[in-house]
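**Q** One structure coming up, written as structure tokens, with questions to follow.
The values are calculated or read from the model by the stated rules, or taken from the named source; none is laboratory data. As the structure is a computational prediction, the values presented were derived from the model and not from experiment. Neighbour counts are summed over all protein chains in view; Cβ atoms, including those assigned to glycine, are modelled from backbone coordinates with ideal geometry. We work out accessible area using only protein heavy atoms, side chains counted, and drop any ligands, DNA or RNA first. Shrake-Rupley method; radii C 1.70, N 1.55, O 1.52, S 1.80 Å.
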Amino acid sequence: SDLFETPVKAFAVPSGTAANALGLAACVPPYGGVWCHAEAHVDVDEAGAVGFYTGGASLMLVPSPAGKLTVEALETAASRRRGDVHQVQAAALSLTQATECGTVYTPDEVAALAGWAKARGLAVQMDGARFANAVAHLGCSPADVTWRAGVDILSFGCIKNGGMAAEALLLFDPKLAETVPVRRKRAGLM
């Protein structure tokens, strides 16, 4: 809470995969979908964990240059969806910070993407496997590129910074944290 300059709910988990999947499970129903970049870590490197932990939710992949989502790319992808019962219902937006390509979202970019998501009633999750590197590169506070910019959930990476089997799932929205203790226990992560 001190680091992020706001009260947060923090949950220890053994891996970034667990943090990402549990965080998304807190806000995405089994019939829901998660907008993310086509090269997002949650799709490329986590063996279907989001679908498993949510009970079936889908990742809705959006291509755009340099591993970074843009509002324009999301608008294009969303415009192709009918929004009826025959399609997955979007429930969240997931951003990878820093991206798989090594690019970084600025606070303004996060705020624009989160604004797009919030206007559609979507939660915003950030996969922060390389979050510390991104903050150091940006020269901003962790708060500036997370909750102040509209992020609800952060997978706070430790392993890629030299930690051993320890990650933190941070929830800036206390309502989203209500089911996490039971989900974490049920998943055998404590």
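**Q** Before we move on, is Asp43 open to solvent by 40 Å² or more (accessible area, probe 1.4 Å), free of Cβ contacts under 8 Å to residues at least 60 places away in the same chain and in contact with a strand residue (DSSP E or B) (Cβ under 6 Å, 6 or more places away or on another chain)?
**A** Judged against the criteria, Asp43 is a match.
**Q** It is to be established whether one or more residues within the range 164-175 are farther than 24 Å from Gly55 by Cβ and without any contact (Cβ under 8 Å) to a residue 60 or more places away in the chain.
**A** Yes, the range 164-175 contains a residue that is farther than 24 Å from Gly55 by Cβ and without any contact (Cβ under 8 Å) to a residue 60 or more places away in the chain.
**Q** Tally time: how many residues in the range 105-119 are farther than 13 Å from Thr146 by Cα and either free of Cβ contacts under 8 Å to residues at least 40 places away in the same chain or out of contact with any strand residue (DSSP E or B) (no Cβ under 8 Å at 6 or more places or on another chain) (or both)?
**A** Residues in the range 105-119 being farther than 13 Å from Thr146 by Cα and either free of Cβ contacts under 8 Å to residues at least 40 places away in the same chain or out of contact with any strand residue (DSSP E or B) (no Cβ under 8 Å at 6 or more places or on another chain) (or both): 2 in total.
**Q** Testing Pro65 on (1) in contact (Cβ under 8 Å) with a residue 12 or more places away in the chain; (2) under 23 Å from Phe131 (Cα atoms), one condition comes back false. Which one is that?
**A** Evaluating Pro65 over (1) in contact (Cβ under 8 Å) with a residue 12 or more places away in the chain; (2) under 23 Å from Phe131 (Cα atoms) leaves (1) as the failure.
**Q** Here is a further query. Identify the residue in the range 109-120 that is under 16 Å from Val34 (Cβ atoms), not aliphatic (A, V, I, L, M) and not in a loop (DSSP other than H, G, I, E, B) and, among all such residues, is least open to solvent (accessible area, probe 1.4 Å).
**A** Trp116
**Q** If you take the residues of the range 50-87 that are open to solvent by 60 Å² or more (accessible area, probe 1.4 Å) and of a type in the set (Val, Ile, Thr), which of them is nearest to Val124 (Cα to Cα)? Let's see the steps before the verdict.
**A** Applying the first criterion (open to solvent by 60 Å² or more (accessible area, probe 1.4 Å)) to the range 50-87 yields 52, 61, 63, 65, 72, 75-76, 79-82, 85-86.
Cutting the leftovers down to of a type in the set (Val, Ile, Thr) gives us 76, 85.
Details: Thr76: 19, Val85: 23 Å.
Checking each candidate, the answer is Thr76.
**Q** Of the residues Val135, Val145, Val124, which is open to solvent by less than 40 Å² (accessible area, probe 1.4 Å), in a helix (DSSP H, G or I), modelled with pLDDT of 95 or more and on the phi < 0 side of the Ramachandran plot?
**A** Val135
**Q** Can you run down the residue pairs with Cβ atoms below 7 Å, 6 or more apart or on separate chains, where the first is in the range 124-139 and more than 19 Å from Thr17 (Cα to Cα) and the partner is of a type in the set (Ser, Thr, Tyr) and part of a loop (DSSP other than H, G, I, E, B)?
**A** Filtered contacts from the range 124-139: Leu138/Thr106.
**Q** Continuing with the same structure: Determine, yes or no, whether Lys175 is open to solvent by 60 Å² or more (accessible area, probe 1.4 Å) and closer than 16 Å to Thr17 by Cα.
**A** no
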